[in-house]
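Chemist: Got a structure here, written out as structure tokens. Questions coming.
The values are calculated or read from the model by the stated rules, or taken from the named source; none is laboratory data. Remember, it's a predicted structure, so these values are computed and weren't measured experimentally. Glycine also receives a Cβ, built like all others from the backbone with ideal geometry; neighbour counts cover every protein chain displayed.
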Amino acid sequence: MSIIRAKELVHEYIRRDDEGNIEGIEVALDHVNLNVELGQFISVLGHNGSGKSTFAKHINALLTPSEGTLFVDGMNTSDDEFTFAVRQTAGMVFQNPDNQIIASVVDEDVAFGPENIGVPTDEIIKRVEKSLKMVGMYKYKSHSPNKLSGGQKQRVAIAGVMAMEPKCIILDEPTAMLDPDGRKDVLQAVHTLNKEKGITVILITHYMEEVVDSDYVFVMEKGKVCMEGKPREIFKDVEALKSHSLDVPQVTLLAYELRKAGLPLPECILTRKELVAALKDLRVANASAAALAKPVKQAVKAKATADNVLILDHVSYKYSPDTAYEIKALDDVSLSIKEGEFIGIIGHTGSGKSTLVQHLNGLIKATEGGIYYRGQDIYDNDYDIKDLRTQVGMVFQYPEHQLFETTVFKDVQFGPKNQGLDEKEQIKRAYEALGLVGLPQDLYLASPFELSGGQKRRAAIAGVIAMKPAVLILDEPTAGLDPKGRDDILGLISDMHKKRGDTVILVSHSMEDVANYVDRIIVMDGGKPAFDGTPKEVFAHYKELESMGLAAPQVTYVMNDLKEEGFAVDVDVTTVEEAKQEILSVIN
Amino acid sequence: MLREITLGQYYPAKSVLHTLDPRVKLFSTLIFIITLFSANNAILFAFVLITLFGIIKLSHVPFSFMVRGLRSIVVLLVIAGLFNMFLTPGKELFSFWIFSVSDVGLKNAAYMTARMVILIVGTSLLTLTTTPNQLTDGLEKSMGFLKKIRFPVHEIAMMMSIALRFIPILIEETDKIMKAQMARGADFETGGLIKKAKNMVPLLVPLFMSAFRRALDLSYAMEARCYNGGEGRTKMRPLKYSSLDQRAYICIVAFIIVFYVAKGLL
């Protein structure tokens, strides 16, 4: 039975000028045709601005078609009579966990939907309990949402939809703002709903790993459905996905690269298990190859010893010290950071990584211990902390939220202006910085609020680079970006590092992002550095990392699985390219 | 530093006061304010004060918690007291430089300050024993009669509860934006009043943008969950009077009668 059916669905955003004349028409959905069967798990992929969120809002009747029709469980969404019935049938979970929780207590929030549709009191109580149990949040029912993690908030939001007893649930990038642990919990909850309760799920995402288990996938681009099929069929065409600014799971990419290099692997491998099994089959067919000696390990390129730019000496930090709410955010951390290093700091939410980096430019003052910048104690009374902030630049999470000026150029000038530079130098700095982040020149005089998400982020990064810091810290610079945006920003940071030779510290919870770029990884756990070393050294502890709520890149797991199966591979690879070379050298 | 601000803080405890219906507490607070301001002599004043102490005892909220609310308005109290003292005409008691203190002035100042202190302690008892949600529910229900004259009671109650939900989020956001702009060399501390105000622009513009963005998101989320105003809504925890509430009402009425009889006699 079909639950959602779109026929030639068109949605146009019409921009009007002050007098109400039509200024421009933006086609967000362009003759979309699709059909979803009851009980399916559907994924919708697409980069930012591909129309997937607009489509989601249509299923919930938050938007209605400009042309064409959309049926939800047989009801035409354009018909006002059905608006509330449609919303009840197809519930929706949004991206930002904070902005969709209405009440100040968890159970009252879950009750919001049923209250709106006039469910009797005793029935509401039953539904709230049932829904919270479904997502494993029942024990938090009397908590304030402000005290929950992002993943927990999203599960409350899912419970809020489930309490309306829908047939279908639409999730619009529910995991984009979560850390890996939160993502796992949310996806697990969604899968359980689908399998056990038979709820139709429409998951909108740009994390490819989340798509693998779905029944059917739609890929959107420029408001059209440009590819559709089972995950296996979709991920077969790596090139096509790349052309739509998307990527494929690391394992699939590795298998694809190996096939391209001539290994007779089956087409489209989605999971680690499949890849290992396929390689095993290959080894049987090619028995002599396994006997080959292990290749000589490449020497790790040694960096010339450089001076320390920052030293942390037994730094501890407590939130609300000497009260009942005391939290030890940093616990006796000693670190040295060398000039020109490219460092990744990894840890789950609450591990102390953000607190750590905010110490480096004096935004937070340690409760114990000392910090030295180029040999000088930054806590000295006569030390110029404002100067330190220009030396150690800091790009916060979602930096685009700090843009405030009337033009991009003026916003970038803000930092140099505060440094007290003269107008000429300010302009020069801003111009250089904008050039470095690769923002097109015609946008320099545009309002920062008119830019796209990725462009805004570039502009915000330029705002910090314009101060010419010797150390650049970026806190989750790729959060909320689609795969192409993510690769672009990371590539940009890496290029700038090469060009300027500055020290870069990248804070992230994505191992895969970090592994490709940095020379050194510091893993934070419980306010302390748990591991500190090259990516290879750190990922060798992949089992411990997992217990910290982190995960090594997929390829690291593949290599370890292969080793267990008796392949003479080196397990310390961290990128797809290295894994490919390693496997090829063993197999051939 | 911004985290220290507490608004309408609730003190979780198990007491008679905590279990009372919010409407009872709202009504008694109103009565408390009226009697406090109509108490025009020391005996009536003491009567109100003793009743208040009794209720505080019942609330199981530590006394230090009540007084904490006063700290922020000490300056205001002192100024109000001084104005009363110096600017009320009457029989001059003593004077220095250009100021003179009259007997009426002194009395007014004492009453005024005492009233303010008692008022704040008494009303904070309401917020300390009532969760924000109960409070808005109570307001919505007891102001229900205003709906007849098309006053948007439900909407205002909804706005209040949303505001209470988002205040901590926006405080955190302010903290974050402040840090981010400080990392770009912004200065929020030094300079004169005008310079300080100007320096707030990099903080306020992003803060407003964020508030609008959140409001838009929230409106979608509410609509998606079938919100359509107060018509036809049910409640998970509807307000219902218990026998305890009835007894409380009887106590309040008894208090009013005693107070006004005493006032008439004295």
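Chemist: What number of residues within region A:408-422 are assigned to a loop (DSSP other than H, G, I, E, B), more than 16 Å from residue A:392 (Cα to Cα) and within 13 Å of chain B (Cβ to nearest Cβ)?
Modeler: Here is the first cut: in region A:408-422, the residues assigned to a loop (DSSP other than H, G, I, E, B) are A:419-422.
From what is left, the residues that are more than 16 Å from residue A:392 (Cα to Cα) are A:420-422.
So of that shortlist, the ones also within 13 Å of chain B (Cβ to nearest Cβ) come out as A:420-421.
So the answer is 2.
Chemist: Okay, moving on. Report whether or not residue B:16 is under 30 Å from residue B:141 (Cβ atoms), surrounded by fewer than 17 Cβ atoms within 10 Å (Cβ to Cβ) and at pLDDT 85 or above. So that I can check it myself, show each step before the final result.
Modeler: Values: under 30 Å from residue B:141 (Cβ atoms): yes; surrounded by fewer than 17 Cβ atoms within 10 Å (Cβ to Cβ): yes; at pLDDT 85 or above: yes.
Answer is yes for this residue.
Chemist: Consider region A:548-574. How many of its residues are modelled with pLDDT under 85 and among the polar types (S, T, N, Q)?
Modeler: Within region A:548-574, residues that are modelled with pLDDT under 85 and among the polar types (S, T, N, Q) number 2.
Chemist: Separate question: Which of the numbered conditions does residue A:167 fail, given that it passes all the others? Conditions: (1) charged (D, E, K, R); (2) free of Cβ contacts under 8 Å to residues at least 12 places away in the same chain; (3) more than 12 Å from chain B (Cβ to nearest Cβ).
Modeler: (2)
Chemist: Six or more apart or on different chains, Cβ atoms under 7 Å: show the pairs whose first residue is in region B:239-266 and assigned to a helix (DSSP H, G or I) and whose second is among the polar types (S, T, N, Q) and surrounded by 13 or more Cβ atoms within 10 Å (Cβ to Cβ).
Modeler: Between residues of region B:239-266 that are assigned to a helix (DSSP H, G or I) and residues that are among the polar types (S, T, N, Q) and surrounded by 13 or more Cβ atoms within 10 Å (Cβ to Cβ), the close pairs are B:252/B:28; B:255/B:51; B:259/B:35.
Chemist: Take residue A:335 and tell me if it is under 25 Å from residue A:521 (Cβ atoms), buried (at least 18 other Cβ atoms within 10 Å of the Cβ), among the hydrophobic types (A, V, I, L, M, F, W, C) and in contact with a Ser or Thr (Cβ under 7 Å, 6 or more places away or on another chain). Even if it seems obvious, please write down each step before you answer.
Modeler: Working: under 25 Å from residue A:521 (Cβ atoms): yes; buried (at least 18 other Cβ atoms within 10 Å of the Cβ): yes; among the hydrophobic types (A, V, I, L, M, F, W, C): yes; in contact with a Ser or Thr (Cβ under 7 Å, 6 or more places away or on another chain): no.
Considered against the rule, which asks whether it is under 25 Å from residue A:521 (Cβ atoms), buried (at least 18 other Cβ atoms within 10 Å of the Cβ), among the hydrophobic types (A, V, I, L, M, F, W, C) and in contact with a Ser or Thr (Cβ under 7 Å, 6 or more places away or on another chain), residue A:335 comes out as no.
Chemist: To continue, here is another question. Just wondering, is there one or more residues in region A:184-201 that are in a loop (DSSP other than H, G, I, E, B), at pLDDT below 90 and buried (at least 22 other Cβ atoms within 10 Å of the Cβ)?
Modeler: Applying the first criterion (in a loop (DSSP other than H, G, I, E, B)) to region A:184-201 yields A:198-199.
Then keep just the ones that are at pLDDT below 90; that gives none.
So far as region A:184-201 goes, no, none of its residues is in a loop (DSSP other than H, G, I, E, B), at pLDDT below 90 and buried (at least 22 other Cβ atoms within 10 Å of the Cβ).
Chemist: Run residue A:401 past the list (1) surrounded by fewer than 19 Cβ atoms within 10 Å (Cβ to Cβ); (2) assigned to a helix (DSSP H, G or I); (3) touching a Ser or Thr at 6+ places or on another chain (Cβ under 9 Å); (4) not hydroxyl-bearing (Ser, Thr, Tyr) and report the number of the one that doesn't hold.
Modeler: (1)
Chemist: Could you tell me which of the residues B:144, B:122, B:105 is under 22 Å from residue B:70 (Cβ atoms) and either within 17 Å of the chain's Cα centre (by Cα) or modelled with pLDDT under 85 (or both)? So that I can check it myself, show each step before the final result.
Modeler: Details: B:144 fails: under 22 Å from residue B:70 (Cβ atoms); B:105 fails: under 22 Å from residue B:70 (Cβ atoms).
On inspection, the qualifying residue turns out to be B:122.
Chemist: Would you point out which residue out of B:166, B:99 is more than 14 Å from every other protein chain (Cβ to nearest Cβ) and among the hydrophobic types (A, V, I, L, M, F, W, C)?
Modeler: Being more than 14 Å from every other protein chain (Cβ to nearest Cβ) and among the hydrophobic types (A, V, I, L, M, F, W, C) holds for just one of B:166, B:99, which is B:99.
Chemist: Given the conditions (1) crowded, with 21+ Cβ neighbours inside 10 Å; (2) facing chain B (nearest Cβ under 9 Å), and given that residue A:72 satisfies all but one, which numbered condition is not satisfied?
Modeler: Single failed check for residue A:72: (2).
Chemist: So which residues in region A:423-463 are within 14 Å of another protein chain (Cβ to nearest Cβ) and under 19 Å from residue A:490 (Cβ atoms)?
Modeler: Those that are within 14 Å of another protein chain (Cβ to nearest Cβ) and under 19 Å from residue A:490 (Cβ atoms): A:433, A:453, A:456, A:457, A:459, A:460, A:461, A:462, A:463.
Chemist: Considering region A:389-407 alone, what residues qualify as being of a type outside the set (Phe, Trp, Tyr) and either more than 10 Å from chain B (Cβ to nearest Cβ) or out of contact with any strand residue (DSSP E or B) (no Cβ under 7 Å at 6 or more places or on another chain) (or both)?
Modeler: First, the residues of region A:389-407 that are of a type outside the set (Phe, Trp, Tyr): A:389-395, A:397, A:399-403, A:405-407.
A:389, A:390, A:391, A:399, A:400, A:401, A:402, A:403, A:405, A:406, A:407, listed by residue number.
Chemist: Oh, and also: In this structure, does residue A:104 turn out to be within 10 Å of chain B (Cβ to nearest Cβ), at pLDDT below 90 and in a loop (DSSP other than H, G, I, E, B)? Don't jump to the end; show me each part of the working.
Modeler: Working: within 10 Å of chain B (Cβ to nearest Cβ): yes; at pLDDT below 90: yes; in a loop (DSSP other than H, G, I, E, B): yes.
The answer is yes for residue A:104.
Chemist: Then there is this: Can you pull out the residues in region A:153-176 that are charged (D, E, K, R) and over 24 Å from residue A:206 (Cβ atoms)? Don't jump to the end; show me each part of the working.
Modeler: Taking region A:153-176 and keeping what is charged (D, E, K, R), we get A:153, A:155, A:165, A:167, A:172-173.
Of everything in region A:153-176, those that are charged (D, E, K, R) and over 24 Å from residue A:206 (Cβ atoms) turn out to be A:165, A:167.
Chemist: Same structure, new question: Considering (1) more than 17 Å from residue A:394 (Cα to Cα); (2) of a type outside the set (A, V, I, L, M); (3) crowded, with 17+ Cβ neighbours inside 10 Å, say which one residue A:477 fails and leave the rest.
Modeler: Residue A:477 satisfies every listed condition except (1).
Chemist: Could you pull out the residue among B:246, B:181 that is more than 9 Å from every other protein chain (Cβ to nearest Cβ) and of a type outside the set (Gly, Ala, Ser)? Even if it seems obvious, please write down each step before you answer.
Modeler: Numbers: B:181 fails: more than 9 Å from every other protein chain (Cβ to nearest Cβ).
None of the other options fit; the residue is B:246.
Chemist: Take region A:91-101 and flag every residue that is touching a residue at least 40 places away in the same chain (Cβ under 8 Å) and within 9 Å of chain B (Cβ to nearest Cβ). Full working, then the answer.
Modeler: To start, the set of residues in region A:91-101 that are touching a residue at least 40 places away in the same chain (Cβ under 8 Å) comprises A:91-98, A:100-101.
A:91, A:92, A:93, A:94, A:95, A:96, A:98, A:100, A:101 - these are the residues of region A:91-101 that are touching a residue at least 40 places away in the same chain (Cβ under 8 Å) and within 9 Å of chain B (Cβ to nearest Cβ).
Chemist: Here's another thing I want to ask about it. Select, from A:115, A:173, the only residue that is buried (at least 20 other Cβ atoms within 10 Å of the Cβ) and in contact with a His (Cβ under 8 Å, 6 or more places away or on another chain).
Modeler: A:173
Chemist: For region A:421-446, give me each residue that is under 17 Å from residue A:496 (Cβ atoms), within 28 Å of the chain's Cα centre (by Cα) and buried (at least 17 other Cβ atoms within 10 Å of the Cβ).
Modeler: Those that are under 17 Å from residue A:496 (Cβ atoms), within 28 Å of the chain's Cα centre (by Cα) and buried (at least 17 other Cβ atoms within 10 Å of the Cβ): A:433, A:434, A:436, A:437, A:439.
Chemist: Here's a follow-up. Quick check, is residue A:95 within 18 Å of residue A:145 (Cβ to Cβ), surrounded by fewer than 22 Cβ atoms within 10 Å (Cβ to Cβ) and among the polar types (S, T, N, Q)?
Modeler: Details: within 18 Å of residue A:145 (Cβ to Cβ): yes; surrounded by fewer than 22 Cβ atoms within 10 Å (Cβ to Cβ): yes; among the polar types (S, T, N, Q): yes.
Against the criterion (within 18 Å of residue A:145 (Cβ to Cβ), surrounded by fewer than 22 Cβ atoms within 10 Å (Cβ to Cβ) and among the polar types (S, T, N, Q)), residue A:95 qualifies.
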